[in-house]
Amino acid sequence: MEFLEITEEEFRDFYNESEQRTFMQTPEIAKLREKNGWTSNFVGVKDNEKIVAAAMLVSIKRHFGKYEFYSPRGFLLDYNNFTLLEYFTNEIKKYVKNKNGYKFRIDPYIINVERNSEGNIVKDGKDNFLIKESLKKLGYKRVPKKDMEQVEWMYALDVFGKTEDDLLKNMRPNTRNIIKKTLKYGIEIKELNREDLGEFYKIMVETGKRKGFHIRSLEYFEDMYDLYAPRGEIKYLVTKLNLKKHIKLLKDERKKCIEEKEELSPNKHNDGKRKTLDELIDTINSKIKTAEDFIKKDGEVITLSGSMFMLTQPEVLYLSSGNYEEYMCYNSQYLIQWEMIKYAIHNGYKRYNFYGITGCFDKNDKDYGIYEFKTRFNGYCEELIGEYVMPTSPIYYLISFIHKIKK
């Protein structure tokens, strides 16, 4: 076996054949990091002139002129092949040392143990305990969850070989009903071009302020568009509602309810139906009033929510999203999810990744609502093996101590 630097093209060819690939390992991510002072290199292992392992390494200068190295989502190789993993690790250690590095980090796109929708371990399911033991044996140190750069827990839905009906039937009944209502009442989806990204950013800023989390800059979203749109690997979607059309649809529905009520005979056995129709008419009147108030305040067409998706085979990944709080009554995020699930089905993706959840399944947890929303589509939880660091210089411990003091 031979360890060597490889070209971006060689890396991409190998990446395209890997089962572990994710958008985080694409050369485009390296280019994005380069805008923030990082440097990128591609390394690999060849056996009989064929690449059998590869990694994208990004690095940045930290304390004392030393460099931190990071391989986003880890190496592309068979982690169960200990001989190959050991060789690649040892060669990367030498490589990092020669480039004045004090550590390198990996966070492999490999599940820890197989779990179901509730986060419970699946009996006799997949377990990558041996991979974790191999990393420990080679000297990797597990990074505490609070210090990890990428998400450790995700929520996903298998879509390959499924039809729209299959997935609709598998959803919670209330979720199907919500999706149908969003379509019934005229909510529309618009895909944004680069010049429209300010609209998406505005939604994200409003959401960040409300929920108290950091929002990336508009420049970041524009850079991601520039890097991935030419490859067809990114989408920004927003939901919109024409309130005048919406009101007309509501009035048409109300008219049908009134006509249905008038056709009922005065017999007592129809009292239940009359009551149900009266309640429905009251609900429709309330929705009409809400829409009319929004028109007075915000105009005829309103933007409800927005989402950002990465389209990197084999998965569609739901990366970022936001909502205007006052319009959340329209449940438009359900429609966006369904639109992209359908996209995944019809474009040959294996799964739809709802992405990050906390891994805490306590209903009192402040982020439980995020998990609960994603479970409505009836997928499964996925716990990754986490992030690992390999010290390559004694100064690693001093720098780690400095970081703890700063925190």
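The values are calculated or read from the model by the stated rules, or taken from the named source; none is laboratory data. Owing to the predicted nature of the structure, the values given are computational and were not obtained by experimental measurement. Here Cβ is always computed from backbone atoms with ideal geometry, including for glycine, and neighbour counts include all displayed protein chains. Surface areas here come from the heavy atoms of the whole protein model, side chains and all, with no ligands, DNA or RNA. Shrake-Rupley method; radii C 1.70, N 1.55, O 1.52, S 1.80 Å.
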Practice problem: Just the number, please: carbon plus sulfur as a percent of the accessible area of segment 82-168, 1.4 Å probe, no ligands or DNA/RNA counted. | Solution: 49 percent
Exercise. Determine the per residue accessible area of the chain with all protein chains present and a 1.4 angstrom probe, expressed in square angstrom.
Key: 51 Å²
Quiz item: Between residue 276 and residue 16, what is the spin-label point distance in nm, taking each point 7 Å from the Cα along the Cα→C-beta axis?
Solution: 5.6 nm
Self-check item: Highest to lowest packing among 162-171, 241-250, 313-322, scored as the average C-beta count within 10 Å
Solution: 313-322, 241-250, 162-171
Quiz item: Among 217, 198, 364, whose Cα sits farthest toward the positive end of the charge dipole of the chain (+1 at Cβ of Lys/Arg, -1 at Cβ of Asp/Glu, about the Cα centre)?
Solution: 364
Exercise. Starting from the Cα gyration tensor of segment 64-133, multiply each eigenvalue by 5, take the square root, and state the resulting semi-axes largest first in whole Å.
Key: 31, 15, 8
Quiz item: Per residue, what volume in Å³ does the Cα convex hull of the chain take up?
Solution: 176 Å³
Practice problem: At 0.36 nm per residue, minus the direct Cα-Cα distance, what do residue 149 and residue 285 gain on full extension? Give it in nm, one decimal, please. | Solution: 44.1 nm
Quiz item: Measuring from label point to label point, each 7 Å out along Cα→Cβ, what is the residue 372 to residue 127 span in nm?
Solution: 3.3 nm
Self-check item: Separation in nanometres of the label points that stand 7 Å from Cα toward Cβ, at residue 169 and residue 190
Solution: 3.7 nm
Exercise. Kindly provide the pair-distance distribution of segment 193-280 built from C-alpha pairs, with 10 Å bins from 0 and whole-percent values in order of increasing distance.
Key: 14, 25, 17, 15, 16, 12, 3
Self-check item: Spin-label zone in segment 93-126 - amide nitrogen under 16 Å from a point set 7 Å from the Cα of residue 365 along the C-beta vector
Solution: 112-113, 115-121
Self-check item: segment 291-370-segment 56-92 distance, computed between alpha-carbon centres (Å)
Solution: 34 Å
Exercise. Enumerate by residue number the chymotrypsin sites (Phe, Trp or Tyr not before Pro) in segment 83-167 meeting two conditions: DSSP loop (anything except H, G, I, E, B), and at most 13 other Cβ atoms within 10 Å of the site's Cβ.
Key: 160
Self-check item: Accessible carbon and sulfur surface of segment 294-376 relative to its total accessible area, %, 1.4 Å
Solution: 47 percent
Quiz item: Do any chymotrypsin sites (Phe, Trp or Tyr not before Pro) in segment 172-218 lie in a DSSP loop with no more than 11 other beta carbon atoms within 10 Å, and if so, which?
Solution: 213
Quiz prompt | Estimated FRET transfer efficiency (residue 231, residue 402; beta-carbon r; R0 51 Å; 0.05) | solution = 0.80
